[in-house]
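Before any comments, here is the structure.
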Amino acid sequence: MSDRVPPAQTVDLTRVRNFGVVAHIDAGKTTLCERMLVRTGVESRLGEVEDGTAALDWMPEERERGISISAAATSLPWREHQLHLIDTPGHVDFTIEVERSLRVLDGAIIVFDVLAGVQAQSEAVWKQMRRHGCAAVAFVNKLDRGGADFMAALAGIERRLGVRCAPLAYPYYRGAELVMVADIVRLCAIGSCVGARPALWVELPAAIVEEVGVLRAELAELLAEEDEQIFECVADGRAPSAELMLAALRRRTLQGSLLAVACGSALNAIGIDAALDLVVDLLPSPADKPPVHAMATGGAELLVSQRADEPLVLFAFKLQRIGARDLVFVRVMRGELRAGERAVVARGYCSVTARAIFRPHADSLEPVDVAVCGDIVAVEGFDGVATGDTICDPSAVCALEGLEVPEPVLSLAVEPPGAKDREALRAGLARLVREDPSLAVREDEASGQWILSGMGELHLEIALGQLRAQTKLAVRGSAPQVAYREVLLQPARACARIQRAFGAATLLGAIELEVLPAAEGSQVEVTFDSAAPPAASYQPAIAATLASLAMVGPASGNPLARARIHVRAAGRAGEVDSEAGVLQAVGSAWHELLPRLEVELHEPWMSFEVLSPSVYASGVLGDLQARSADIREVQSQGAATRIQGSVPLSGMFGYASAARSLTQGRAEFTMRPAGTRAVPRQELAARGLAGE
């Protein structure tokens, strides 16, 4: 432990919740968040997504399109707890926003549309939560709609996600109108709550007393399976207390063995208290989370416990420019951060200073003097920090696991309106990629264009719009194209030696490169031989050079993928290499190696889900098969048919219009990346990819 000043305040981590709200697009996630802000008094007015007035959808693109694009952070109080909330996008193109948010959250509410049930992106975010060990509770939304069936929705969640559901709420209707929701554990009910005022809990309406009683008994039996005290109550014919049931529910939620579910209508502010209570009662605090693994200097493993009285550890999960400020959003994993304090970035050991610390509320920033363990804050002054970096106390440097970034699937060419604008465009592209690591950019020297790659058509369209707005340039963009990759099949090796006069000096460099096939999903990794490594100071430049060279493969000029480039120094005894000589040797070895690389052209495939009225299902199926889709499942759901499978992305351009045409606008369609597959050889010529 370093010599640090005492903590600025005593932090009761048990009263902190870091949680997110995740869902498929249009499930009502942001509307639920907006109602939470008003209910807790953070906002005084109700913001609406459709009207472009939602506080958390603050970006111009979000308000214009009525969808969340960027994860928005805020804080709110509830029952003497401090809740740090991140509202995440639901569109698959912005899955990196969900990924990096879950990396710093302890729990999340997953929102379901009661009529649509578990949709494709719901399933995807559920898997992301499981992978990150993020505890989950659920909110079934839109129970005010005709045909809403809460119990059927629960059955669908259990079937699709493979988890046992524990309903903690039950809807009460007066005629066709949703009036209130019942609390199954506490045996009371509450209607619409708008504004920060005491909750108006009432007795259960007589019409649902029996149903709620049956559900409570079933919940007690479910909890009795793993709780001895509740088992004794059930065995003796006694009703367990609310406190006993909530404690058991919390243990099971933290274990991940069941999913507690509330319900209501976010639009009409019904069930908001129940959702907030789920966060406080069931989701973990930072104190409940186990220590996280890190790597100390020298490669030793260590555990980072979430304590305020130990050396500082921050995890940078998001970079964003708000107004005139370049901000790094961080989770304080350990210790505390004070404004003006110096810290070290574990990657590269560079020094940074927190010039200012802010508690964010979407695009509003409240200055604070100190951020303590468990906080999620925005920091100004962390220049050079990248998404996924660890920032530490200089006396105790360690690195947390980085961030997993999906590989782009679509690309487009961008170019400035004139030659004088090239540098401004270059800087704008660099900013885009720095803020959004799921974007990638490379310069095509032959055409003078930049190739911008992303996760989908909407992702690239919005990135292009942001680029134009930031640079004030009429940037031109081509139509999106599939992001092909050249996958390495066999190892290959080459050496190069440079020894040439350069003025009064002599450039020396000798390098051996070996390119080896790597695991599926990987791009290009550069490693250095431990027995004969190049000088340590040269290694970053070598890695950057090889990463750039690997952007153009030997077959069709597309980037190389699934390859590991192993670098070994090959100089003679007594010779002293120069960095310039080594880099020239790297280039020579690569150009010798390139024709020897045996590769196979791969294209991105997408998993898809189409929900179509059954009367149109055969036409939808036929169209998908014509697009070379592999149909995995066709499932009848009442008057609708759900079709799932995978398909090459190259066959799906414009599919949204085709689906609308085939179903008179009544189909719902979702795609998400599902890896890559080899392009059939007989199709290479037709796509203009053969013989290049």
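The values are calculated or read from the model by the stated rules, or taken from the named source; none is laboratory data. If you're wondering where the values come from, they're calculated on a predicted model, not measured in any experiment. Every residue, glycine among them, receives a Cβ derived from its backbone with ideal geometry; neighbour counts consider all protein chains shown. Please note that ligands, DNA and RNA were not included when accessible areas were found on the heavy atoms of the full protein model with its side chains. Shrake-Rupley method; radii C 1.70, N 1.55, O 1.52, S 1.80 Å.
Quick look at the values:
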{"read-out": "Some residue of segment 400-416 being part of a loop (DSSP other than H, G, I, E, B), within 30 Å of Gln306 (Cα to Cα), within 26 Å of the chain's Cα centre (by Cα) and acidic (Asp, Glu)", "value": "yes"}
{"read-out": "Residue in segment 270-285 that is under 23 Å from the mean Cα position of the chain (by Cα), open to solvent by 10 Å² or more (accessible area, probe 1.4 Å) and among the charged types (D, E, K, R) present", "value": "no"}
{"read-out": "Close pairs from segment 532-549: first assigned to a helix (DSSP H, G or I), partner of a type in the set (Val, Ile, Thr) and open to solvent by 40 Å² or more (accessible area, probe 1.4 Å), Cβ under 9 Å, at least 6 apart", "value": "Leu546/Val524; Ala547/Val524"}
{"read-out": "Which listed residue, of Ala120, Ala108, Ala135, is open to solvent by less than 20 Å² (accessible area, probe 1.4 Å), over 10 Å from the mean Cα position of the chain (by Cα), closer than 16 Å to Arg672 by Cβ and of a type outside the set (S, T, N, Q)", "value": "Ala120"}
{"read-out": "Count - residues of segment 315-340 that are farther than 24 Å from Glu401 by Cβ and either assigned to a loop (DSSP other than H, G, I, E, B) or aromatic (Phe, Trp, Tyr) (or both)", "value": "4"}
{"read-out": "So Arg355, is it open to solvent by less than 10 Å² (accessible area, probe 1.4 Å), closer than 30 Å to Glu62 by Cα and basic (Lys, Arg)", "value": "no"}
{"read-out": "Number of the exception - Gly299 against (1) more than 21 Å from Met59 (Cα to Cα); (2) touching a residue at least 12 places away in the same chain (Cβ under 8 Å); (3) of a type outside the set (A, V, I, L, M, F, W, C)", "value": "(2)"}
{"read-out": "Single residue of Glu243, Glu218 found to be closer than 25 Å to Met36 by Cα, part of a helix (DSSP H, G or I) and open to solvent by 70 Å² or more (accessible area, probe 1.4 Å)", "value": "Glu243"}
{"read-out": "Any hit, segment 567-582, residues being of a type in the set (Lys, Arg), more than 27 Å from Pro406 (Cα to Cα) and in a strand (DSSP E or B)", "value": "yes"}
{"read-out": "Positions within segment 264-289 being among the hydrophobic types (A, V, I, L, M, F, W, C) and not in a loop (DSSP other than H, G, I, E, B), in sequence order", "value": "Ile270, Ile272, Ala274, Ala275, Leu276, Leu278, Val279, Val280, Leu282, Ala287"}
{"read-out": "Residues being more than 14 Å from Pro648 (Cα to Cα) and without any contact (Cβ under 8 Å) to a residue 60 or more places away in the chain - total across segment 662-685", "value": "9"}
{"read-out": "Filter result for Glu514 (free of Cβ contacts under 8 Å to residues at least 60 places away in the same chain, open to solvent by 30 Å² or more (accessible area, probe 1.4 Å) and in contact with a His (Cβ under 8 Å, 6 or more places away or on another chain))", "value": "yes"}
{"read-out": "Residue within segment 227-235 that is in a loop (DSSP other than H, G, I, E, B) and either touching a Leu at 6+ places or on another chain (Cβ under 9 Å) or open to solvent by 30 Å² or more (accessible area, probe 1.4 Å) (or both) present", "value": "yes"}
{"read-out": "Selection from segment 417-471 of residues that are touching a Leu at 6+ places or on another chain (Cβ under 7 Å), open to solvent by 40 Å² or more (accessible area, probe 1.4 Å) and not in a helix (DSSP H, G or I)", "value": "Pro417, Val441"}
{"read-out": "Any chance Gln481 is in contact with a Gly (Cβ under 6 Å, 6 or more places away or on another chain) and surrounded by fewer than 17 Cβ atoms within 10 Å (Cβ to Cβ)", "value": "no"}
{"read-out": "Unique match (being more than 28 Å from Ile451 (Cα to Cα), under 20 Å from the mean Cα position of the chain (by Cα) and open to solvent by less than 10 Å² (accessible area, probe 1.4 Å)) among Val345, Val377", "value": "Val377"}
{"read-out": "Unique match (being touching a strand residue (DSSP E or B) at 6+ places or on another chain (Cβ under 9 Å) and assigned to a loop (DSSP other than H, G, I, E, B)) among Arg642, Arg672, Arg677, Arg666", "value": "Arg666"}
{"read-out": "Subset of segment 568-618 [touching an Asp or Glu at 6+ places or on another chain (Cβ under 6 Å) and open to solvent by 60 Å² or more (accessible area, probe 1.4 Å)]", "value": "Arg568"}
{"read-out": "Selection count where residues are at pLDDT below 90 and more than 24 Å from the chain's Cα centre (by Cα), scope segment 302-323", "value": "3"}
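Each row is one residue, and each column tells you yes or no for (1) farther than 24 Å from Ile86 by Cα; (2) out of contact with any Pro (no Cβ under 7 Å at 6 or more places or on another chain); (3) aromatic (Phe, Trp, Tyr).
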position: Gly323; (1), (2), (3): no, yes, no
position: Tyr349; (1), (2), (3): yes, yes, yes
position: His361; (1), (2), (3): no, yes, no
position: Asp389; (1), (2), (3): no, yes, no
position: Ser395; (1), (2), (3): yes, no, no
